[in-house]
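Here is the structure we will look at.
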Amino acid sequence: MTKPETFKLVGLAGSIRSASVSRAILQTFKDVMPEGVELTIFDLAEVPIFNQDLEADLPASVRALREAIASSDGMIVISPEYNHGMSGVIKNAIDWVSRPGYASILVNKGVAIFTTSESPLGGARAQGDLHKMFLSTLSRIAPGREVSIGGTAKSVRDGRLIDETLIRRSLALIESLLDEIRLIQGRPKRMKSSPAS
Ligand SMILES: Cc1cc2nc3c(=O)[nH]c(=O)nc-3n(C[C@H](O)[C@H](O)[C@H](O)COP(=O)(O)O)c2cc1C
């Protein structure tokens, strides 16, 4: 009998406020993950502002973040749009773990990128920032239809994403991430494909 396939994913939200929509969306992903996929949300609240002076003796929170990413099969990253870009919280976290440049734990790490905002655009203007950043870290961005989660006054309620279309599109991108991880790790291709509508 073949062992069921498993994946360990780490989720990073680019907002640390208690009522964060970004975190609520990650929580929803956790609820609807395909079988065998475990998503652990890493809280970035304790990660200090990047300071190269501290690289020789990393703060405990940064070590924990590095360990969480290094031991994962891939990442799900969601950033709110702030001033037409990604949030400082997410940029700061990635700056910490992106060293040494071109040889960090982010090299060949699969990543699925999501953005969110209250506007109907869903933070679409921050998508390019995240793509550019993860290209620079030599990470493997899951290809697929961009998922920018907007209209959050309606699409997010009681700490969960409730818009079925957005959940379906998010799952399609997560399936693409799993495919990317299979490629990176030389796992066999999955047998059945899911619709990416
Ligand atoms: C400093 C700041 C800048 C923002 N800039 C934008 C923006 O440029 N475009 C946009 O659509 N929303 C913008 N917003 C709205 C946020 O994207 C929205 O409130 C989002 O839900 C915040 O994420 P969170 O709920 O995870 O904290 C901004 C919010 C803040 C606090």
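The values are calculated or read from the model by the stated rules, or taken from the named source; none is laboratory data. Small disclaimer: the values here were computed from a predicted structure and weren't measured. All Cβ positions, even for glycine, are placed from backbone atoms using ideal geometry, and neighbour counts span all protein chains on display.
State whether the residues of region 154-162 include one that is of a type in the set (A, V, I, L, M, F, W, C), within 13 Å of the ligand (Cβ to nearest atom), assigned to a strand (DSSP E or B) and more than 12 Å from the chain's Cα centre (by Cα). Checked region 154-162: at least one residue is of a type in the set (A, V, I, L, M, F, W, C), within 13 Å of the ligand (Cβ to nearest atom), assigned to a strand (DSSP E or B) and more than 12 Å from the chain's Cα centre (by Cα). Every condition in (1) in contact (Cβ under 8 Å) with a residue 60 or more places away in the chain; (2) touching a helix residue (DSSP H, G or I) at 6+ places or on another chain (Cβ under 7 Å) is met by Ser71 except one, and the failing one is (2). Count of region 1-47 residues, restricted to those that are part of a helix (DSSP H, G or I), touching a residue at least 40 places away in the same chain (Cβ under 8 Å) and of a type outside the set (Val, Ile, Thr), is 7.
Only one entry of Leu130, Leu106, Leu121, Leu135 meets the criterion of being hydrophobic (A, V, I, L, M, F, W, C) and under 19 Å from Arg182 (Cα atoms), and that entry is Leu106. Selection of region 89-113 for residues being of a type outside the set (A, V, I, L, M, F, W, C) and without any contact (Cβ under 8 Å) to a residue 40 or more places away in the chain yields Ser98, Pro100, Gly101, Tyr102, Ser104.
Conditions tested, residue by residue: (1) surrounded by 21 or more Cβ atoms within 10 Å (Cβ to Cβ); (2) aliphatic (A, V, I, L, M).
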| position | (1), (2) |
| --- | --- |
| Thr2 | no, no |
| Phe7 | yes, no |
| Ala13 | yes, yes |
| Ile16 | no, yes |
| Asp31 | no, no |
| Ala45 | no, yes |
| Phe50 | no, no |
| Glu55 | no, no |
| Ser72 | yes, no |
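Please specify each residue of region 115-135 satisfying the condition of being buried (at least 23 other Cβ atoms within 10 Å of the Cβ), part of a helix (DSSP H, G or I) and either at pLDDT below 95 or within 12 Å of the ligand (Cβ to nearest atom) (or both). Residue satisfying the conditions is Ala126 alone.
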